[in-house]
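Reviewing the structure listed below.
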Amino acid sequence: MADTEPPLAPPGVDPIWSALLRHRDQGGAAPLPADPLTALFAPVLAPPAAADGCLVLGRLAQTLDGRIATASGSSQWIGGEGDLLHTHRLRALCDAVVVGAGTVKHDDPRLTTRNCPGPSPTRVVLDTDRRLGPDYGVFTAGGPPTLLVCAEDAQGPDRHGAATVLRAPRSAIGGLDICALLPLLAARGLKRLFVEGGGLTVSRFLAAGCLDRLHVTVAPVLLGSGIPAFTLPEAARIADGLRFDWELHRLGRDVLFDIALHRARPGVCQ
Ligand SMILES: NC(=O)c1ccc[n+]([C@@H]2O[C@H](COP(=O)([O-])OP(=O)(O)OC[C@H]3O[C@@H](n4cnc5c(N)ncnc54)[C@H](OP(=O)(O)O)[C@@H]3O)[C@@H](O)[C@H]2O)c1
């Protein structure tokens, strides 16, 4: 198991992280040193392979029993410091960080890279029926740009606070049509996408066959109740589940599962 605990040196002088940022900024031209951190992040920096032009990484931090928050929506913090740093690094490597409306409602997050050197990504909030008010932090002026994505038939102006509104088709099974959304984001230059949660949003990308990679951090916590990490149609047999290979990395006391999905879709979602 690779050990990618946060370095003891100040993050600003971590040479491996600096090399990864250079690699990102130079479109893959700058060399990457052999290192567990490189093994973890190089696939995130690979050129998008899908026809929609996007490389999409989903990520969740869950308890051992598969919960991402308590039933009342409290999720800070399931993972430890290493997982928080990992999350901020993924933000820094990607063009956009994507979250569902439920996460904005519960957490009112900033979605910036406060814990590591590197640029803050464009923030993309998926709110199908445009139920969120404009007072959440991501919609106020002063931070990185924000896109509010709602359904084509959702009412309202083309701005939402300081955010720009992008309209996308609905999915027949609820929420937005993720396959239709990806080319719309790519056309705006948002090609490397970090889907940071919550569980329903990551599950909708998974069900649509739109995840190239999945990072799941498992923390040594049992809740016994709460909001689930993954929600998919019911599988009748174990064989109906999605089976895959994974690489394991230590993040302090947590374990990170790095899964190459290559846009695989669970059998129950075909
Ligand atoms: N541990 C982690 O890694 C992690 C990461 C992120 C978030 N979280 C936690 O996950 C929870 C949220 O996850 P989630 O799976 O419930 O949702 P989510 O994926 O963040 O958001 C998607 C869902 O939010 C719905 N929604 C719920 N309340 C809403 C409201 N008041 N206004 C607008 N839309 C609303 C959306 O409706 P539509 O069906 O209309 O689209 C959609 O079903 C929060 O408690 C957050 O703290 C944990």
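Let me know the shape class of the chain, please: from the alpha-carbon gyration tensor, a ≥ b ≥ c as square roots of the eigenvalues, rounded when a/c is under 1.5, otherwise prolate if a/b is greater than b/c, or oblate.
rounded
If the only charges are +1 at each Lys and Arg Cβ and -1 at each Asp and Glu Cβ, what is the size of the charge dipole of the chain around the Cα centre, to the nearest 20 debye?
380
Name the shape class, rounded, prolate or oblate, that the alpha-carbon gyration tensor gives for the stretch 1-149, where a ≥ b ≥ c are the square roots of its eigenvalues, rounded holds for a/c under 1.5, and otherwise prolate holds if a/b is larger than b/c and oblate otherwise.
Taking the square roots of the gyration eigenvalues as a ≥ b ≥ c, the stretch 1-149 is prolate.
Can you tell me which of THR113, THR128, THR140 moves the most in a GNM of the chain? Springs connect C-alpha atoms under 10 Å apart.
Highest fluctuation among the options: THR140.
How much net charge surrounds THR63 when only the other residues with a Cβ under 14 Å from the Cβ of THR63 are counted, with Lys and Arg +1 and Asp and Glu -1?
My count for the surroundings of THR63 gives -1.
Quick one: which residues, 5 or more positions from LEU166 or on another chain, have an amide H under 5 Å from its amide H? H modelled 1.01 Å from N in the peptide plane, none for Pro or chain starts.
LEU148, VAL149, CYS150
Counting Lys +1, Arg +1, Asp -1, Glu -1, what net charge surrounds GLY197 among other residues with beta carbon under 11 Å of its beta carbon?
Cβ neighbours under 11 Å give a net charge of -1.
If each of SER225 and CYS179 carries a label point 7 Å out from its Cα toward its Cβ, how far apart are those two points in nm?
Result: 3.9 nm between the two label points.
For the stretch 120-133, in order, what is each residue's ³J(HN,Hα) by Karplus, 6.51 cos²θ - 1.76 cosθ + 1.60 with θ = phi - 60°, in whole Hz (x at glycine and Pro)?
Each residue's phi maps through the Karplus curve to give 7, x, 4, 9, 10, 10, 8, 9, 3, 9, 6, 8, 6, x Hz.
Can you give me the accessible area per residue for the chain, using a 1.4 Å probe, in Å²?
Normalised by residue count, the accessible surface of the chain is 46 Å².
What's the center-to-center distance, using Cα atoms, between the stretch 59-108 and the stretch 187-224 in Å?
10
Give me the percent of the accessible area of the chain that comes from carbon and sulfur atoms, probe 1.4 Å, all protein chains in place.
54
Can you check what the net charge comes to around GLY100, using other residues whose Cβ is under 14 Å from the Cβ of GLY100 (Lys, Arg +1; Asp, Glu -1)?
+1
Tell me, what is the FRET efficiency for ARG159 and ARG114 to the nearest 0.05, using R0 = 25 angstrom and their Cβ-Cβ distance as r?
0.45
Relative contact order of the chain: what whole-number percent is it, with Cα pairs under 8 angstrom and at least 6 residues apart?
Worked out over the chain, it gives 26 percent.
Which residue, PRO157, VAL221, GLY189, has the largest displacement toward the positive end of the dipole of the stretch 143-228 when charges sit on each Cβ (Lys, Arg +1; Asp, Glu -1)?
GLY189
The values are calculated or read from the model by the stated rules, or taken from the named source; none is laboratory data. Quantities reported herein were computed from a predicted structural model and do not represent experimental measurements. Neighbour counts run over all protein chains shown; Cβ positions are idealised from the backbone, glycine included. Each accessible area value is taken on the protein alone, full model and side chains, heavy atoms only, with ligands, DNA and RNA left out. Shrake-Rupley method; radii C 1.70, N 1.55, O 1.52, S 1.80 Å.
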